[in-house]
Each structure stands twice: as C-alpha cells, then as structure tokens.
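Remarks on the structure that follows.
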Amino acid sequence: MKVLFLASWYPMNGRSGNGIFAIRQAEALAQAYRRSGRSVTVDVMAVQPRAWTGGRVQILGEVPDVPDRTTQAEGLRHWLLGYRDGRGGLFSLIDQCWAWIRLLRAYRRHHGERPTVVVAQVAWKAAVVALLLGRPYGVMEHWSGYLEKEPPLKPIPKWLVRLSLRHARSVAAVSPWLADALMQFCSGLRVSTLPNVIEEVHWTPPAVDLAAGQGAAGGVTSGSEPWRDPRVFLHVSDLAPVKNPALLFGAWALSGLSDQGYLLRVAGEYSQESKARYASVKGLEWLGILSPTELCYQLRSSRALLLSSHRETFSILAGEALLNGCSVWTSYPPLRSFYQGLDGLVSLPDDQPLTWSLALQEAAASNPHPWNSPQAVRLVQERLKPYRNHEAGQAMLSWIDAWKP
C-alpha cells in the first residue's frame, strides 16, 4: 500500500515552522505502519510559492538534509516544488498546476503506480488536488479560518473546498471545536477528531525543580537543565493577526514590567516587517525560529507562555509548554475548557489589554506558584497522551484503515 500526504503548507525551517503538523503526522503514521509489520510507503508532497521559501525549491523524491529530521530512518520521502508567485490570477494557477503535475509524474515514475490512498492535509488547497487526482482520499483539517464567523475564502475556493470535503471518504480535524466549525461550514458533513503530534523531546520530565531556581534568564544548572526565571515571559508565533500580537504587546507595554527588569521573549517564524512594528516596545528579546530542543529549553527557562491568540485549532504549543512545566496564559474559551483542572493553566476572562496587563502586574507582585510538581506534570501527560507520537500514529492508521479501499 502507498499513502501520499498532500500538504497545503510545508515547513521550510527544518523541524519548525508553518506546516510542521503535516510532517509530524506523516512520521507518526510511518512509524505505526512499521510497528504493524505492514509493507507501506508514506510520502509527503507539497507545492510552495518561492516567496515563502526564499528562492527556488526543487526536491523530487529526496529526503531533505535538515538537522534533527528523523525521517531518514523512517523512510518518509518528500516531494517539493516551488512555483513563481506574484503573477496572480490565471498565471499563478497555471504555475501551481504545472508544479503539481511534475511532482505527481515523478512520484509515479518512482513508485511505478499511483498512490493507494491520499491524505489531504488541509482542504484548501490539498483536498482540491486530491479530488482532481481521482484516488480515494481523506481530509485532515488544521486551518483556523473555519473558526471565524465567516471563513475567509472567496466564492470559487469556497465552492471547491465544499466539493472536495463532500467527496472525501472521511474528514477529520485536530480538535472537537474545529470539527464542529467544519460541520457548520459544510452542512451534513460528518467530521471526526484526530490528534496532532507533540514531539517526544517535550515528554521528558525536567531534571530539576523548575519552580525553584533563581538566576539569569537562560542560565543553566550543573547539568543541562535551565533555571526558571520568574522575570521572563515567552511568546511563540508568526505574529499573524490571528495570534493577536496587538493584545500581547499592548498589555506588555501597559504593564510597565520592563521598567522592573522583566523580559518578554518572542520566538517564531515572524517576518522582519512584523518585528519592526513593535520596535518601540521595551523589554523584548527576539529569538526567531527555534528547533524543538531550543523551544524546550526556552519553555523550561520561562515563567509562563503568553498565548494571546484570537483562536487556536488545537495549539500544540500549549501542550508543549505544560509538558515542560511552563504555565500557559490564554483567554480562548476552547483551550480554557480543554485544559480545565490542570494547575498550569492561567485562564483569563477576556482578551482586553487591560485585563492581561493587570494579570501581569499581579504576577509580578507575587511569587510564582510552584504548580509543576511531578504529580502535576503527570496529570498533563495523561491529558495529552493521545497526542504522543505512538498513540497519534496509531489513531491515524486506524482512521485510514476505516476508509481505504
């Protein structure tokens, strides 16, 4: 059997970046098939505009030589092509279609036949390609646009997405609230829930008491474990509007904590233009793109992760933070409900800058609550067990088995 993942976004920064969810799920599935002893190939295919990648991308069936990538041992094969962007309209559509055709032809030459089944990672545009490919396919949805009152799709893309969803053998989403939103978008559609994958590096319990520890931010103990600095907060995102950076930086500036020696570290796949918008905000440290190991280190160094998003499809990041003993601040109702009862969750009643600013000031006036005991972290691990590589891969394998020919 041959499984082809069609990815609407492909991470161009190794183990980090937009689209990493598709790679993680493909890796987890490949491992699940290997454990089952079944002869199955798993491939990932994507077409990217060159402006996203900083130049031409052409990886026809090769496994990228990227640090920390585990797929070389997994036998996961990647098929990528870049296309000229900025031409717009029909020309852009032709460029994309030609890139897909080239990849699919190369895939067939390599394997000798078409894929048995296709997993479309995000309906627009991967599921539309799967529909045109004419192979049995399922849709795995991650896009937060369905959580808006009106998904930001133009009429023709909206029609194509609904058509591709209705023709899919099965549709799944990464959280119950995203599944509900998808069913509202496409009436009569049945949507199940499949877990995202939280990488194993985040499941290793901290080697020291992270709630104790004083010292400089980013300092280390005699081993390799960082001390948690109560003066350091962390934010990780691409600073897109949905991540609500205006709330984050507005509340931070309003709190005045930078004048008291507090620091807000900002990591992620943000652009230099996004960074420049907040150049006047004091007390910021820009970290850029982090590997999973670097992210783990920062989470274990920081007092709290400030998750200011308007909406989240699931938020792998929130799970990663709690597994690393880092508190998560959020006002997004589904996340507050999902993590309810866990000590590491700081649930804020709304997304107003004044509310967040006052919470920051109150935190600065009190000692950090040492919530991250071994027992508390075990409760987090139990809540997130379905999102572990082994369990998530097995869930996806069972999902595909339920609808494959």
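Bear in mind that the values in this text are calculations on the coordinates, not laboratory data. These figures come from a predicted structure and were not determined experimentally. Here the Cβ is made from the backbone with ideal geometry for all residues, glycine too, and neighbour counts use every protein chain on show.
Remarks
- Peptide ranges 102-110, 165-173 listed from the most packed, as the mean C-beta count within 10 angstrom indicates: 165-173, 102-110
- Met396, Met1 arranged by Cβ crowding within 10 Å, fewest neighbours leading: Met1, Met396
- Relative packing of peptides 351-361, 26-36 - highest average C-beta neighbours within 10 Å first: 26-36, 351-361
- Average Cα contact separation per residue, the stretch 200-384, under 8 Å, 6 or more apart, as relative contact order %: 26 percent
- Antiparallel beta bridges, as assigned by DSSP with both residues in the chain, represent about 10 percent of the total such bridges.
- Cα→Cβ-extended label distance, 7 Å offset, between Met1 and His310, nm: 4.0 nm
- For Arg169 and Thr204, a Förster radius of 30 Å and the Cβ-Cβ distance give a FRET efficiency of 0.20, rounded to the nearest 0.05.
- Charges were assigned to the Cβ only: +1 to each Lys and Arg, -1 to each Asp and Glu. The resulting dipole of the stretch 200-384 about its Cα centre is roughly 160 debye.
- Helix-only CD estimate at 222 nm, as mean residue ellipticity for the chain, using -39500 (n - 2.57) per DSSP H run (n ≥ 4): -11500 deg cm²/dmol
- The Arg108 and Ser271 beta-carbon pair, evaluated with R₀ = 22 Å, returns a calculated FRET efficiency of approximately 0.05.
- Paramagnetic label zone (point 7 Å from Cα along Cα-to-C-beta, Ser347; backbone N under 12 Å) in the stretch 121-145: none
- Computed from the Cβ-Cβ distance with R0 of 41 Å, the FRET efficiency linking Arg336 to Arg35 stands at 0.70.
- Normalised by the number of residues in the stretch 284-391, the mean separation of alpha-carbon contacts (under 8 Å, six or more apart) gives a relative contact order of 22 percent.
- Among beta bridges from DSSP that stay inside the stretch 200-384, the antiparallel ones total about 5%.
- Degrees, to the nearest 10: 176-185 long Cα axis against longest axis of the chain: 50 degrees
- Anisotropy class of the stretch 200-384 from Cα gyration tensor, a/c 1.5 cut: rounded
- Members of Lys243/Lys275; Lys149/Lys404; Lys158/Lys385 lying beyond 25 Å, as alpha-carbon distances in this model show: Lys149/Lys404; Lys158/Lys385
- Given charges at Cβ of Lys, Arg, Asp, Glu: the chain dipole, positive-most of Gly17, Val118, Met396: Val118
- Across the chain, C-alpha contacts under 8 Å between residues 6 or more apart give a mean separation that, scaled by the residue count, equals a relative contact order of 16 percent.
- Amide N of the stretch 298-338 lying under 18 Å from the label point, which is placed 7 angstrom from the Cα of Gln375 along Cα→Cβ: 325
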